[in-house]
Amino acid sequence: MGIIRAKKDYNYSVICNTALRRDDISAKAKGLYAYIMTLPDDWKIYASELVKHFSDGKDSIASAFRELEAKGYITKVRVQDKSGKFGGWDYTVYERPITDKPITDKPNAEKPISVKPLSENPPLRNTDSKNTNSKKDLKGFDQFWDAYAKKVGRGQAERAFRKAIKLTDIDTMIKAINKQHFTDQWKRGYQPHASTWLNGQQWENDVSAMNDKREASRVSVSAQW
């Protein structure tokens, strides 16, 4: 399936990509996170109200909430009523996990391919055209690789670069890298592998959204879902 892009004219939000691009968070948890991040700062809602905005049901939403909590995107504090008894939980939802542990991509191990030699030498094929196209697709990759600080998985990065260079140019990539180097996300270690950056077309990222403002949405919920 090809990439579908929406033209954002109005009524849209800028959301940190950290949680949305992790591969260890479920789709429903990402959806819940994205919805909460569209709410104003210090917004207070209850579990019963939150469930009304989804068709999944309260058990599914509660499960997604616990998942975000386990990943460090949500913290909770016990709340007491006027009589001093337990009155529920007060949750804080963060743009990035409060663990402050850098999120690293899981590189795919490249397994060598074993080839059995033929008993007879096969005729040589003309690969000049293929090699020429391959070199053409990698034109500018060395410049990109020098600019990108996290040098992990060059082979994967080269494959991703061949696709990415058809969508943009090397100057746009370098300018984006230079700007993102000084964002809070990258300075704190949240820099993806080069292949992930290229495959995700992250040269289009909003730099202002990558600065760690530690803004959070306040969510008050009852003790029971």
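Being closer than 26 Å to Asp206 by Cβ, surrounded by 13 or more Cβ atoms within 10 Å (Cβ to Cβ) and either in the same structural domain as Gln191 (by TED's automatic domain parsing) or among the small types (Gly, Ala, Ser) (or both) is true for just one of Ala64, Ala27. Which residue is that?
Details: Ala27 fails: surrounded by 13 or more Cβ atoms within 10 Å (Cβ to Cβ).
Among Ala64, Ala27, only Ala64 is closer than 26 Å to Asp206 by Cβ, surrounded by 13 or more Cβ atoms within 10 Å (Cβ to Cβ) and either in the same structural domain as Gln191 (by TED's automatic domain parsing) or among the small types (Gly, Ala, Ser) (or both).
Just one of the listed residues (Gln201, Gln185) is within 16 Å of the chain's Cα centre (by Cα), under 21 Å from Val14 (Cβ atoms) and surrounded by 18 or more Cβ atoms within 10 Å (Cβ to Cβ), and it is Gln185.
Selection within segment 134-159: residues that are charged (D, E, K, R) and not in a loop (DSSP other than H, G, I, E, B). The member of this set that is nearest to Ser208 (Cα to Cα) is Asp146.
The requirement of being within 21 Å of the chain's Cα centre (by Cα) and either of a type outside the set (Asp, Glu) or part of a helix (DSSP H, G or I) (or both) is fulfilled nowhere in segment 43-60; no residue meets it.
Hey, does segment 41-53 have a residue that's surrounded by fewer than 16 Cβ atoms within 10 Å (Cβ to Cβ) and at pLDDT 85 or above? Looking for residues that are surrounded by fewer than 16 Cβ atoms within 10 Å (Cβ to Cβ) and at pLDDT 85 or above, one finds at least one in segment 41-53, hence yes. Which of the residues spanning segment 160-198 are touching a residue at least 12 places away in the same chain (Cβ under 8 Å), closer than 20 Å to Asn211 by Cβ and not in a helix (DSSP H, G or I)? Within segment 160-198, His181, Thr183, Arg188, Gly189, Tyr190, Gln191, Pro192 meet the criteria.
The values are calculated or read from the model by the stated rules, or taken from the named source; none is laboratory data. Values in this document were obtained by computation on a predicted structure and should not be read as measured data. Note that we place each Cβ from the backbone using ideal geometry, even for glycine, and neighbour counts take in every protein chain shown.
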